[in-house]
Each structure stands twice: as structure tokens, then as C-alpha cells.
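The values are calculated or read from the model by the stated rules, or taken from the named source; none is laboratory data. What you are looking at is a predicted structure, and each value in this text was computed from that prediction instead of being measured. Virtual Cβ from ideal backbone geometry, glycine too; neighbours counted across all protein chains shown. These area figures cover heavy atoms from the full protein model, side chains too; ligands, DNA and RNA do not enter into them. Shrake-Rupley method; radii C 1.70, N 1.55, O 1.52, S 1.80 Å.
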Amino acid sequence: MEKFRGVDYYGIEDLLSEEERMVRDAIRDWVEVEFLPLVTQHHRAGTFPVELIPKLGELGVFGATLKGYGCAGLNSVAYGLIMQELERGDSGLRSCASVQSGLVMYPIYAYGSEAQKEAWLPRLARGEKVGCFGLTEPDHGSDPGGMKTRARRRGDAYVLSGTKLWITNGSIADVAVVWAKEDDGEIYGYLVEKGTPGYSTLDISGKFSMRASITSELSLQDCQIPLENKLPDVKGLKGPLGCLAQARYGIAWGAVGAAMACYDWALQYAQQRIQFGKPIASFQLVQQKLVWMITEITKAQLLALQLGRLKDQGRARPQQVSMAKMNNVHIALETARMARDIMGAAGIVDEHPVIRHMINLETVKTYEGTHDIHTLIIGRDITGTDAFGV
Ligand code: TGC
Ligand code: FAD
């Protein structure tokens with residue numbers, strides 16, 4: 001196939017500033033040259049190219065919207081375009097960047113002490129240090145409010161006990177943002193450093209999806225951390241949910257990148273593949289699929305872009321973020337499935353990126369709030385009635 005040609009049916013390019021386009025093109029080129037040649041081998045091996053993390057730091061990817069502390073201070077649309085281009089490479093690459101940015105740097109920036117910010121943000125921005133975010137537990141996924149992990153004050157320390165599961169970057173993280181309940185029943189955030197006695201990680205094996213991404217269990221057994229490792233400026237579920245709003249925003253853009261990759265690949269394939277003496281792109285049923293894909297991608301691009309503009313004006317509501325995450329991941333997964341179908345047998349091998357995107361997107365549909373949880377968040381917003389079953 002030729003180099004990626006970009007997908008812009010509606011002249012959305014004209015709605016971007018010069019800086020936004022430059023940022024996108026820099027990441028697009030980097031993904032093309034530095035990442036795509038490596039991804040198949042990592043996907044097969046179930047590994048992540050950790051050596052690229054400092055390079056992502058050099059590119060200004062981590063904490064790109066934050067101001068100061070060595071961060072790029074970009075607007076939300078430029079950040080979204082970065083996520084789009086990373087996920088055009090692989091959802092695992094975007095995951096690494098969204099966890100570091102939205103789920104680790106953001107809570108330190110928004111809820112942390114000045115000392116915590118100085119200690120962590122510049123090193124995380126450079127990719128010298130890696131972070132992870134521990135919210136989900138074995139018995140509490142969609143309902144993190146029921147978490148069992150506890151933090152108890154003992155003298156000059158907090159003692160953390162519990163298990164966090166399905167944690168991206170877990171075993172490579174130098175610092176984990178762990179959410180736990182204190183005796184007052186409230187949720188607080190804590191910074192747990194690698195090597196702290198009582199803290200250990202175990203990678204999850206056997207994944208068919210997100211293979212080029214590290215996913216771990218975090219175990220906290222009477223893990224003692226200094227009092228100053230608690231995030232001082234947040235209390236309650238709104239702490240982790242505030243971080244999720246950042247990362248879900250990035251996913252809304254990232255999913256568009258995966259969809260664009262699948263559409264572009266399937267279109268080129270359909271124009272070259274001859275059956276019944278004609279390119280399969282000339283058949284009505286194949287065209288119908290390609291038209292569905294580009295129409296949905298165009299709508300998803302506009303949804304993400306307007307959400308970014310609202311975010312930059314401070315007007316984006318979490319429920320609007322839910323809509324973009326829910327819709328864009330849904331259409332990306334359907335696009336990947338249709339692209340796989342158009343490619344026939346060739347669609348099942350990793351010589352082509354489509355099957356990899358397709359199985360990755362199964363995870364993306366589930367994490368950061370499942371498709372159905374986002375449906376319920378929007379349902380509650382428009383009807384005023386909670387349908388979570390509690
Ligand atoms: P609810 O009453 O809705 O909210 C509790 C408090 O939080 C506030 N809030 C938010 N604040 C900021 N941003 C948001 N998105 C917010 N959503 C809610 C809310 O205003 C309230 O504040 P206050 O002051 O009144 O206390 O709480 P609920 O218990 O009804 O929530 C239910 C539900 C289902 C919506 C929530 O628990 C949820 O979103 N569940 C899904 C869990 C989830 O998304 N987990 C993700 C784990 S991390 C992950 O998957 C990383 S993948 C990383 C990668 O590799 O990319
Ligand atoms: P469950 O909550 O058990 O849901 C199972 C099904 O029930 C879903 O279809 C769901 O929609 C449905 N359901 C649940 N409640 C309701 C309801 N009230 N009404 C209707 N349907 C409902 N978490 C982290 O904290 N940090 C990470 O870095 C992280 N990375 C991840 C990486 C990967 C590869 C994966 C797969 C997951 C990751 N997660 C992470 C966890 C992820 O956020 C959870 O998997 C997700 O929130 C769903 O929780 P669950 O898997 O326990 O599913």
C-alpha cells in the first residue's frame with residue numbers, strides 16, 4: 001500500500017490553525033518512520049517499545065496541554081491531533097501517552113502539591129519517568145466508587161492495602177497514582193513509587209487485544225508511603241473521574257486515528273484487488289461499506305474538533321466527552337470490522353494493520369468507561385434519571 005494519504009472529506013483541514021497542523025504532521029511523520037516499522041513485532045511478542053518513551057517526551061507529547069514544568073502548553077485540539085496520530089499507529093501507543101498525560105500528569109498538576117509537581121512533572125514530560133493510574137479493581141470496574149483499597153494513617157505514614165487490576169504501564173511505572181478510601185469513606189489519591197516495600201506488580205498475559213501495551217495488576221500489601229505522597233487538593237470520586245474526562249477526550253480523537261488507518265488501507269486494497277475481472281472497489285456493496293466508513297469518520301472528526309474547541313473555551317461538559325468517546329470508538333470498531341471484511345482472507349493477517357486495530361478497539365470500547373456506561377451517563381444527563389441500577 002502507499003503511504004497514508006490522510007482522510008479529510010469535509011475540508012476540516014481549514015478549521016485547524018497552522019500550529020495545530022504542524023503538531024499533527026510532526027507526530028504523523030514520527031509514527032510513520034519510527035513506530036510503524038516496529039509495531040508488528042511488538043504486537044506478536046506482546047511487548048511495548050519502551051525505548052520510544054523518551055522520544056515521545058522529546059516530541060512534547062506528554063502533558064502537552066499543561067503549562068510550565070517543561071510541558072508544551074498546547075491547546076486541546078493540538079493535543080487531540082497528537083492522540084489521533086498516535087492511535088493511527090496503534091491503540092497501545094496512544095494508551096501509553098494518554099495514561100502518562102491525562103491520568104498521571106494531570107492529577108499531579110491539578111490536585112498535587114507544589115513539591116509533587118516539581119518532583120514529577122518535568123521528568124514525566126521528558127519521558128524519563130513513567131506513570132500509571134490505579135483505579136479499577138478485581139471486583140470494581142464500572143463502579144469504582146465501591147473500591148476496596150484502603151489507606152490508613154499510621155504515625156507519619158499512610159498504609160495502603162488492596163489490589164488494582166488492568167493497569168496500563170503498571171510494571172514499567174516509576175510512580176503509580178493509586179486511588180483508595182480512608183476511614184472517613186472518602187476516596188483520595190496517593191503517589192506510590194516503584195520499589196516501595198509492599199508494592200509489587202504482575203503483568204497480565206494471554207491478551208488477544210492491546211498486545212503492544214503493558215497491562216498489569218498492582219498489589220499493595222501494607223504498603224507504607226510518606227504523608228506528603230497524598231494528593232492534597234482533591235477528595236471523592238470526582239478526583240479520578242476528573243482525570244478520566246481528560247483521557248476520554250484523548251480517546252475520542254485517538255479512535256478517529258485508528259478508523260482513518262483502517263479506512264485508508266481498505267480503500268487502497270479495494271482499488272487494487274481484482275475479482276470477477278474488476279477491482280472490488282467497483283462493486284456496489286463494497287462502495288456502500290467505504291461510504292459508511294468515510295461518512296462516520298467525518299462526523300467523528302467534527303465531533304472531536306468541536307469538543308476540543310469547547311474544551312479550550314472551558315465549556316466542555318463531562319457528558320459531552322462521554323458522547324464523543326462512546327460514538328467515536330463505536331464507529332472506529334465498526335470501521336475496522338468493515339475494513340477487515342473488505343480485505344477478505346488478507347484481512348486476518350498482521351501484514352496489514354486492520355486486524356490489529358480491530359482487536360485493539362475491543363479494549364478501547366471497554367476501558368475508560370464502557371460504551372454502555374457512557375450511554376447511561378448521557379441518558380442520566382438528558383432525562384435526569386439515573387439508570388445505573390442502583
Ligand atoms: P457521580 O455522582 O456521577 O460523580 C461523583 C462526583 O464526580 C463528579 N464527576 C465528574 N467530575 C469530573 N469529570 C467527570 N467526568 C465527572 N463525572 C462525575 C460528579 O459531579 C460528582 O461530584 P460531587 O462533587 O457531586 O461529588 O458518580 P457515580 O458513582 O454515579 O458515577 C458513576 C459512573 C458510572 C458514571 C462512574 O463511576 C464511571 O464513570 N464509571 C466508569 C469507570 C471508568 O471509566 N473507569 C476507567 C478506569 S481507568 C482506565 O480505564 C484507563 S485505560 C487507560 C488507557 O490505556 O488509555
Ligand atoms: P464490568 O464493570 O464488570 O462490566 C462488564 C459489563 O457489564 C460491561 O459490558 C458493562 O458495560 C456492563 N455493566 C456494568 N455496569 C452496568 C450497569 N449499571 N448497567 C448496564 N451495564 C452495566 N483501569 C485503570 O484503573 N487503569 C488503567 O490503566 C486501565 N487500563 C486498562 C487497560 C486494558 C487493556 C483494559 C482491558 C482495561 C483497563 N482498565 C484500566 C480497566 C477498565 O477501565 C475496566 O475494564 C472498565 O472500566 C470496565 O470494568 P470491568 O472490566 O470490570 O467490567
For this session: Any residue in the range 218-247 that's touching a residue at least 40 places away in the same chain (Cβ under 8 Å) and at positive phi: show its pairings with residues that are outside any helix (DSSP H, G or I) and open to solvent by 40 Å² or more (accessible area, probe 1.4 Å) at Cβ separation under 6 Å, as long as the two are six or more apart or on different chains.
Result: Gly236/Glu186
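What do you reckon, is Ala332 out of contact with any Ser or Thr (no Cβ under 6 Å at 6 or more places or on another chain), over 22 Å from Gln306 (Cα atoms), in the same structural domain as Gln272 (by TED's automatic domain parsing) and touching a residue at least 24 places away in the same chain (Cβ under 8 Å)?
Considered against the rule, which asks whether it is out of contact with any Ser or Thr (no Cβ under 6 Å at 6 or more places or on another chain), over 22 Å from Gln306 (Cα atoms), in the same structural domain as Gln272 (by TED's automatic domain parsing) and touching a residue at least 24 places away in the same chain (Cβ under 8 Å), Ala332 comes out as no.
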For this session: Return a yes/no flag: does the range 346-366 have any residue that is within 7 Å of ligand 2 (Cβ to nearest atom), open to solvent by 50 Å² or more (accessible area, probe 1.4 Å) and not assigned by TED's automatic domain parsing to the domain that holds Gly145.
Result: yes
Exercise. (1) surrounded by fewer than 21 Cβ atoms within 10 Å (Cβ to Cβ); (2) in contact with a Pro (Cβ under 9 Å, 6 or more places away or on another chain): which one isn't true of His140, the others all being true?
Worked result: (2)
Exercise. Based on what the data block shows, is Asp233 farther than 24 Å from Asp350 by Cβ and touching a helix residue (DSSP H, G or I) at 6+ places or on another chain (Cβ under 8 Å)?
Worked result: yes
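Examine the range 164-181 for a residue that is open to solvent by 10 Å² or more (accessible area, probe 1.4 Å) and more than 16 Å from ligand 1 (Cβ to nearest atom), and state whether such a residue exists.
Yes: one or more hits.
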Exercise. Scanning for something in contact with a Ser or Thr (Cβ under 9 Å, 6 or more places away or on another chain), assigned to a helix (DSSP H, G or I) and outside the structural domain of Leu66 (by TED's automatic domain parsing), does the range 86-100 turn up at least one residue?
Worked result: no
Exercise. When you go through (1) open to solvent by 40 Å² or more (accessible area, probe 1.4 Å); (2) under 14 Å from Met260 (Cβ atoms) one by one for Ile27, which number turns out not to apply?
Worked result: (1)
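Being assigned by TED's automatic domain parsing to the domain that holds Pro144 and modelled with pLDDT of 95 or more: is that true of Cys223 here?
Numbers: assigned by TED's automatic domain parsing to the domain that holds Pro144: yes; modelled with pLDDT of 95 or more: yes.
When the stated conditions are applied, Cys223 passes them.
When you look at Leu81, is it open to solvent by less than 50 Å² (accessible area, probe 1.4 Å), without any contact (Cβ under 8 Å) to a residue 24 or more places away in the chain and under 26 Å from Thr363 (Cα atoms), yes or no?
Numbers: open to solvent by less than 50 Å² (accessible area, probe 1.4 Å): yes; without any contact (Cβ under 8 Å) to a residue 24 or more places away in the chain: no; under 26 Å from Thr363 (Cα atoms): yes.
The answer is no for Leu81.
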Exercise. Any chance the range 108-131 includes a residue that's surrounded by 24 or more Cβ atoms within 10 Å (Cβ to Cβ), aromatic (Phe, Trp, Tyr) and either in a helix (DSSP H, G or I) or near ligand 1 (Cβ under 10 Å from one of its atoms) (or both)?
Worked result: no
For this session: Filter the range 97-137 for residues that are within 11 Å of ligand 2 (Cβ to nearest atom) and in contact with a strand residue (DSSP E or B) (Cβ under 7 Å, 6 or more places away or on another chain) and give the result.
Result: Val99, Gln100, Leu103, Val104, Gly131, Cys132, Phe133, Gly134, Leu135, Thr136, Glu137
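Could you tell me which residue of the range 183-200 is nearest to Asp222 (Cα to Cα), considering only residues that are assigned to a loop (DSSP other than H, G, I, E, B) and out of contact with any Lys or Arg (no Cβ under 7 Å at 6 or more places or on another chain)?
Of all residues in the range 183-200, those assigned to a loop (DSSP other than H, G, I, E, B) come to 183-186, 194-198.
Next, only the ones that are out of contact with any Lys or Arg (no Cβ under 7 Å at 6 or more places or on another chain) stay: 184-185, 194-198.
Values: Asp184: 19, Gly185: 19, Lys194: 15, Gly195: 14, Thr196: 10, Pro197: 8, Gly198: 6 Å.
Result: Gly198.
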Exercise. Residue check: is Ser205 in a loop (DSSP other than H, G, I, E, B) and either hydroxyl-bearing (Ser, Thr, Tyr) or within 11 Å of ligand 1 (Cβ to nearest atom) (or both)?
Worked result: yes
